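Engineer: Just dropping this structure here.
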Amino acid sequence: MPLLGGFRPPLLVLLALLVVVAAHTALLVPASPEGPVTGAEREAQHGVAQDAAAATRATLDESVADLRRVAATLGEPPPTADALAALAPGHRGWLGLAHYASPDEASSGRPAVAHGEPLPAFEPPEGPAGGEIPPRLVRARNGEIRLLALAHVGTPERPGLLAALSPVAAPAVGPEADRRVQLVDQTGRVVAATGRDPGSAEAAELASAAVADGGAGGSLVGEPRDGLVTVAGYATLAGRAPDDRSGADAAGLGLTVVTDVQAPVPGPAAPGHRASAALLAGALLLIALPAGWLLRRSLTRPVAQLGVAATRLAGGDTREPVRVPRFGEPARIGRALESLRRQLAHAEPHAPPEPVRRRRPGLGVRTVVLLCLVPLVAWSAAALLVVHRADAAALPERLLVDQEQRGAFAAERVARGLREGHSDLRSVAARLEGLQPVGHDAVLADALEAHARYRALYLVDGSGAPLAGVGDAPSMPVEARALGGGPFGTAGIVALRTDQPLVAARVPAGGGELTLVGEFSHGHLDQVLARPGLGEVWLTDRSGTVMATGEDTPIPERLPEARLDDAVEAGITGQVSRAGEPAMITVTRLSPEGEAAALDGWHLVVRQSTSWLDLPANQVEHRTVFAGLLALTASVGCLGWLHIVVVRPLRALAARAEALADGDRTTPLYPVHHDEVGTVTRALERVRHQLPG
């Protein structure tokens, strides 16, 4: 018998698979999570650490970039103390500025000109003047760790160094009293810390463990104590995303952000899950075993008996009557065999055949197969759609708090990126001062090449008419109202209304008679918004129009769901929504500071589906769904297999057997498969040759 033929292979495979599904449902569905905390809580802490590292990297890189921009604008004469004093207030975070006219001044700690906090002595960079100097960490005279940013100034004949001293602080992570954030160097030394008990032995252990791991990031879990367990996430400042085009200055400092919280230790799997899983597995067995018995009683045994009777009849034994099965195609074949037996037993030359006594059609083998399939499909549907549905209300509160923190980090990244773009635009405007119009394009082209955040740079006059520009075509027409209102010389960050919404920065140029506009590319904003594991992100302006998303897709005009608009209007910072797909929704208001005042009323909306978080309830649901899929596949596949190799040939054989008994002696019978049905077919073909006429 071939491997795929006959009754036994599909029936045995079906029963074996259903037993496996039942065992999976009873034993694996209610399994408790490994470890004292859920995987979702570990992933959340890792995500917070990644976002904190990105925020720290951006802050340090911004300080370094500010110094380089200032150094590029300084002329040939060395800066004076008054000039340094005038520069410091315009750059937040600079604690001290100094100009060194020679390497000896740097190594001795005695600069030619200084302002603010004294800078410590340091080894001057080696090599010729020119190019960018990597920043470094130094210990200030008061013992605290500082960031030292350096930039070349002067001329090749009279080179010098401009240095700025900036604080190195652990990023602020919200008002939670139980969160601790540490900034750790490559040796495990804590550079800066904030939050819960930053100087404890536990904090030092976490810092050492994070540095010893050697990877770009991950999570750590402490030992449970008094019903609480410490969950930590860590990420290096060098662990940037592959498409992150931000500066690599801070990434080379070897710093790692370690953030941790205390979470309650979860209990074992809910007893209700164990009981319902056992009931679900028992129900499957109660369906599978009777279905196997019914198929064997209505198909396997009758066809096997018909095979014995047909073989005996083909061998010439017509003494024993054929035992006719009770219903279906086997009964039709049995009645045809009995008619053929009587014809052979009382065979006379040229005698007319005895017609088969036909009965009203009743249950056929297809109906039996369908009766077995329906309860199996019903069980699968219950496992797929009804049983063990995860309740969004059971989501740990800590996950929502962490999601709110990540949303706040994302909003700050957006605001900082726009402010940095505005600062870059001011530097470009300063280079345009005093130039003739023919020289504008060259300056703008250099700026566009140096700053990948812009899609277009262009100058417009008081009427909005473009005068010079590079990059993509400007979003025209550029009107005063489209630029946010007010005169064109007003600096700020604005929204442009075009076929696709755009965010732009504008600064006065040409003595206030012109406006320099820089349109931010969607790719830059997408890069700023996109963070691993954060969810779907939308940046909306004060009117609710979507300005950017974290995906490289066409930007929708409005938020995709009414519940997102409701959350923005209600001013909800974080909630778990069960309307539609369960999700955590957070709304963060952008900070309208300084040149970003036009961002007042802008929001960052984040939606994170809770269905695929690594939580015990979701694991139970997914395992139950897997059991339903496996049971559905096994039932449809095996019973479909049975229909193809057995039921369909059996129905055709019943029609041919009745035709043969009714007198059709000319049509041969060919077996489809070498199985039980094929045995009956071959025997009937031999009987056909023995019949008179």
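The values are calculated or read from the model by the stated rules, or taken from the named source; none is laboratory data. Since the model is a prediction, treat every value here as computed from it, not as a measurement. No Cβ is skipped: glycine too gets one built from the backbone with ideal geometry, and neighbour counts run over all protein chains shown.
Engineer: Just need a number here: residues in segment 386-405 that are in a helix (DSSP H, G or I), closer than 17 Å to Leu615 by Cβ and either among the small types (Gly, Ala, Ser) or in contact (Cβ under 8 Å) with a residue 40 or more places away in the chain (or both).
Structural biologist: Taking segment 386-405 first, the residues in a helix (DSSP H, G or I) are 392-394, 397-405.
Now narrow it down to the ones that are closer than 17 Å to Leu615 by Cβ: 392-394, 397-403.
When the remaining residues are screened for being either among the small types (Gly, Ala, Ser) or in contact (Cβ under 8 Å) with a residue 40 or more places away in the chain (or both), the result is 392-394, 398-403.
Residues that pass the stated criteria total 9.
Engineer: Just wondering, is there one or more residues in segment 38-46 that are more than 24 Å from Val528 (Cβ to Cβ), modelled with pLDDT under 85, outside the structural domain of Gly252 (by TED's automatic domain parsing) and crowded, with 24+ Cβ neighbours inside 10 Å?
Structural biologist: Checked against the condition, which is being more than 24 Å from Val528 (Cβ to Cβ), modelled with pLDDT under 85, outside the structural domain of Gly252 (by TED's automatic domain parsing) and crowded, with 24+ Cβ neighbours inside 10 Å, segment 38-46 yields at least one hit.
Engineer: Conditions: (1) touching a residue at least 12 places away in the same chain (Cβ under 8 Å); (2) hydroxyl-bearing (Ser, Thr, Tyr); (3) closer than 22 Å to Pro501 by Cα. Thr553 meets all but one. Number of the miss?
Structural biologist: Only one criterion in (1) touching a residue at least 12 places away in the same chain (Cβ under 8 Å); (2) hydroxyl-bearing (Ser, Thr, Tyr); (3) closer than 22 Å to Pro501 by Cα is unmet by Thr553, namely (1).
Engineer: Could you look through segment 181-234, keep only residues that are surrounded by fewer than 18 Cβ atoms within 10 Å (Cβ to Cβ), among the aliphatic types (A, V, I, L, M) and assigned to a helix (DSSP H, G or I), and pick out the one that is modelled with the lowest pLDDT?
Structural biologist: Once the filter is applied, the top-ranked residue is Ala201.
Engineer: While we're looking at this one, here's another question. Given the options Leu650, Leu660, Leu613, Leu642, name the one that is outside any loop (DSSP other than H, G, I, E, B), touching a Ser or Thr at 6+ places or on another chain (Cβ under 9 Å) and of a type in the set (A, V, I, L, M). Full working, then the answer.
Structural biologist: On the way: Leu650 fails: touching a Ser or Thr at 6+ places or on another chain (Cβ under 9 Å); Leu613 fails: outside any loop (DSSP other than H, G, I, E, B); Leu642 fails: touching a Ser or Thr at 6+ places or on another chain (Cβ under 9 Å).
From the options Leu650, Leu660, Leu613, Leu642, the qualifying one is Leu660.
Engineer: If you don't mind, there's one more thing I want to ask. Kindly indicate the residue of segment 448-461 that is more than 35 Å from the chain's Cα centre (by Cα) and modelled with pLDDT under 85 and also nearest to Leu590 (Cα to Cα) among those meeting that condition. If you could, list the steps in order and put the result at the bottom.
Structural biologist: Keep residues of segment 448-461 that are more than 35 Å from the chain's Cα centre (by Cα), which gives 458-461.
From what's left, modelled with pLDDT under 85: 460-461.
Values: Val460: 28, Asp461: 30 Å.
Residue satisfying both the conditions and the ranking: Val460.
Engineer: Report whether or not Leu467 is in a strand (DSSP E or B) and not small (Gly, Ala, Ser). Write out each step before concluding.
Structural biologist: Details: in a strand (DSSP E or B): yes; not small (Gly, Ala, Ser): yes.
Against the criterion (in a strand (DSSP E or B) and not small (Gly, Ala, Ser)), Leu467 qualifies.
Engineer: Okay, next question. Residue under question is Gly464, and the condition is that it be at pLDDT below 85 and at positive phi; does it hold?
Structural biologist: yes
Engineer: Please go through segment 663-693 and give me each residue that is assigned to a helix (DSSP H, G or I) and charged (D, E, K, R), ordered by number.
Structural biologist: Glu676, Arg682, Glu685, Arg686, Arg688, listed by residue number.
Engineer: Further question on the same structure: Filter segment 365-389 down to the residues that are at pLDDT below 90 and buried (at least 20 other Cβ atoms within 10 Å of the Cβ) and list them by number.
Structural biologist: Answer for segment 365-389, where residues must be at pLDDT below 90 and buried (at least 20 other Cβ atoms within 10 Å of the Cβ): Val365, Val387, His388.
Engineer: Within segment 562-579, which residues are without any contact (Cβ under 8 Å) to a residue 40 or more places away in the chain and either of a type in the set (Asp, Glu) or loosely packed, with under 15 Cβ neighbours inside 10 Å (or both)?
Structural biologist: Ala562, Asp565, Asp566, Glu569, Ala570, Gly571, Ile572, Ala579
Engineer: State whether the residues of segment 495-517 include one that is outside any strand (DSSP E or B), within 30 Å of Ala49 (Cα to Cα) and of a type in the set (Lys, Arg).
Structural biologist: Going residue by residue through segment 495-517, those that are outside any strand (DSSP E or B) are 497-501, 510-513.
Next, from what is left, pick out any that are within 30 Å of Ala49 (Cα to Cα): none.
There is no residue in segment 495-517 that is outside any strand (DSSP E or B), within 30 Å of Ala49 (Cα to Cα) and of a type in the set (Lys, Arg).
Per-residue answers, yes or no, for (1) touching a Lys or Arg at 6+ places or on another chain (Cβ under 8 Å); (2) at pLDDT 60 or above; (3) closer than 28 Å to Gln186 by Cβ:
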residue	(1), (2), (3)
Thr236	no, yes, yes
Leu253	yes, yes, yes
Val261	yes, yes, yes
Ala269	no, no, no
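Table: residues versus (1) part of a strand (DSSP E or B); (2) in contact with a helix residue (DSSP H, G or I) (Cβ under 6 Å, 6 or more places away or on another chain).
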| position | (1), (2) |
| --- | --- |
| Glu569 | no, no |
| Gln575 | yes, no |
| Ala598 | no, no |
| Gln619 | no, no |
| Gly628 | no, yes |
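Engineer: Something else: For segment 108-148, which residues satisfy the criterion of being under 44 Å from the mean Cα position of the chain (by Cα), over 15 Å from Leu95 (Cα atoms) and not in a loop (DSSP other than H, G, I, E, B)?
Structural biologist: Arg136
Engineer: Oh, and also: Mind checking which residues of segment 609-642 are modelled with pLDDT under 90 and not charged (D, E, K, R)?
Structural biologist: Result: Ser609, Thr610, Ser611, Trp612, Leu613, Leu615, Pro616, Ala617, Asn618, Gln619, Val620.
Engineer: Something else: Looking at segment 286-316 only, could you name the residues that are surrounded by 17 or more Cβ atoms within 10 Å (Cβ to Cβ) and aliphatic (A, V, I, L, M)?
Structural biologist: Across segment 286-316, the qualifying residues are Ile287, Ala288, Ala291, Leu295, Leu299, Val303, Leu306, Ala309, Ala310, Leu313, Ala314.
Engineer: Can you confirm whether Gly160 is of a type in the set (Gly, Ala, Ser), under 27 Å from Gly39 (Cα atoms), touching a residue at least 60 places away in the same chain (Cβ under 8 Å) and in contact with a Gly (Cβ under 6 Å, 6 or more places away or on another chain)?
Structural biologist: Details: of a type in the set (Gly, Ala, Ser): yes; under 27 Å from Gly39 (Cα atoms): no; touching a residue at least 60 places away in the same chain (Cβ under 8 Å): yes; in contact with a Gly (Cβ under 6 Å, 6 or more places away or on another chain): yes.
No; evaluated as a whole, the condition is false for this residue.
Engineer: Which condition does Leu4 not pass, out of (1) at pLDDT below 85; (2) surrounded by 15 or more Cβ atoms within 10 Å (Cβ to Cβ), if it passes all the others?
Structural biologist: Just one mismatch for Leu4, condition (2).
Engineer: Which residues, taken from segment 444-459, are surrounded by 20 or more Cβ atoms within 10 Å (Cβ to Cβ), of a type in the set (A, V, I, L, M, F, W, C) and either in contact with a Phe, Trp or Tyr (Cβ under 8 Å, 6 or more places away or on another chain) or assigned to a helix (DSSP H, G or I) (or both)? Explain how you work it out, then say what you get.
Structural biologist: Initial filter on segment 444-459 (surrounded by 20 or more Cβ atoms within 10 Å (Cβ to Cβ)): 444, 447-448, 453-459.
Next, from what is left, pick out any that are of a type in the set (A, V, I, L, M, F, W, C): 444, 447-448, 456-457, 459.
Once the filter is applied, which keeps residues that are surrounded by 20 or more Cβ atoms within 10 Å (Cβ to Cβ), of a type in the set (A, V, I, L, M, F, W, C) and either in contact with a Phe, Trp or Tyr (Cβ under 8 Å, 6 or more places away or on another chain) or assigned to a helix (DSSP H, G or I) (or both), segment 444-459 yields Leu444, Ala447, Leu448.
Engineer: Kindly evaluate Ala661 against the criterion of being under 30 Å from Thr545 (Cβ atoms) and not acidic (Asp, Glu).
Structural biologist: Values: under 30 Å from Thr545 (Cβ atoms): no; not acidic (Asp, Glu): yes.
Here the answer is no, as Ala661 does not meet what is asked.
Engineer: Follow-up. Restricting attention to segment 580-636, and to residues there that are charged (D, E, K, R) and in contact (Cβ under 8 Å) with a residue 60 or more places away in the chain, which single residue is surrounded by the most Cβ atoms within 10 Å (Cβ to Cβ)? Full working, then the answer.
Structural biologist: Taking segment 580-636 and keeping what is charged (D, E, K, R), we get 581, 589, 593, 595, 600, 607, 614, 621, 623.
Cutting the leftovers down to in contact (Cβ under 8 Å) with a residue 60 or more places away in the chain gives us 589, 593, 595, 607, 614, 621, 623.
Values: Arg589: 16, Glu593: 13, Glu595: 20, Arg607: 22, Asp614: 14, Glu621: 19, Arg623: 20.
Taking the candidates together, the pick is Arg607.
Engineer: What pairs can you find where one residue is in segment 654-678 and free of Cβ contacts under 8 Å to residues at least 40 places away in the same chain, the other is among the small types (Gly, Ala, Ser) and assigned to a helix (DSSP H, G or I), and their Cβ atoms are less than 6 Å apart, with a gap of 6+ or different chains?
Structural biologist: Final answer for the pair search is Pro671/Gly678.
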